[in-house]
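Quick notes on the structure that follows.
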Amino acid sequence: MFTVLAAVSGMGREYIRDRTLEGHESARKHGKTIGGAGVTDESMLPMALHLREQEMSLRDVTARLVITTGKKKGQHPSPATVMRMLREHDEQAATAVSA
């Protein structure tokens with residue numbers, strides 16, 4: 001009996017996952033973005049790079065950056081956001097050098 005319930009539960013989970021992925025694909029086709037609003041702007045990256053050059057920790061860098069637009073205006077970005085922004089910059093710089 002437990003095997004049957006586990007199988008039904010797994011099928012339900014897989015159905016929900018498939019429907020969610022279809023919804024995301026449909027939204028992308030219609031030009032809608034998935035996820036939260038972007039909080040970075042063009043002035044945030046140079047400041048983050050400058051602070052990183054001074055060998056500040058990620059938490060110290062995020063404490064000095066401030067979101068300038070949107071619903072989170074005046075707040076600090078999360079460490080994950082800053083880390084993602086710096087990683088994308090490093091990857092773009094690496095591809096530009098190798099090209």
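The values are calculated or read from the model by the stated rules, or taken from the named source; none is laboratory data. All values reported here derive from a predicted model rather than from experimental measurement. Methodologically, a virtual Cβ is constructed for each residue, glycine included, from the backbone with ideal geometry; neighbour enumeration extends over all protein chains shown.
Numbers for the structure displayed
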{"item": "Residue 11 of a type in the set (A, V, I, L, M, F, W, C) and loosely packed, with under 12 Cβ neighbours inside 10 Å", "result": "yes"}
{"item": "Residue list for the stretch 31-55, filter: modelled with pLDDT of 85 or more and either polar (S, T, N, Q) or surrounded by 10 or more Cβ atoms within 10 Å (Cβ to Cβ) (or both)", "result": "43, 44, 45, 46, 47, 48, 49, 50, 51, 52, 54"}
{"item": "Condition check for residue 97: on the phi < 0 side of the Ramachandran plot, surrounded by 10 or more Cβ atoms within 10 Å (Cβ to Cβ) and modelled with pLDDT under 90", "result": "no"}
{"item": "Number of positions in the stretch 68-83 that are among the polar types (S, T, N, Q) and under 13 Å from residue 51 (Cβ atoms)", "result": "0"}
{"item": "Residue count, the stretch 60-83 (criterion: loosely packed, with under 10 Cβ neighbours inside 10 Å and within 18 Å of the chain's Cα centre (by Cα))", "result": "1"}
{"item": "Residues satisfying the stated conditions in the stretch 42-59, i.e. in a loop (DSSP other than H, G, I, E, B) and either of a type in the set (Gly, Ala, Ser) or within 19 Å of the chain's Cα centre (by Cα) (or both)", "result": "42, 43, 57"}
{"item": "First in the stretch 1-15 and in a helix (DSSP H, G or I), second anywhere and of a type outside the set (Gly, Ala, Ser), Cβ under 8 Å, 6 or more apart", "result": "none"}
{"item": "Matching option when the condition is modelled with pLDDT of 90 or more, charged (D, E, K, R) and surrounded by 10 or more Cβ atoms within 10 Å (Cβ to Cβ), among 87, 28", "result": "87"}
{"item": "Residues (part of a helix (DSSP H, G or I) and more than 30 Å from residue 22 (Cα to Cα)) located in the stretch 60-81", "result": "60, 61, 62, 63, 64, 79"}
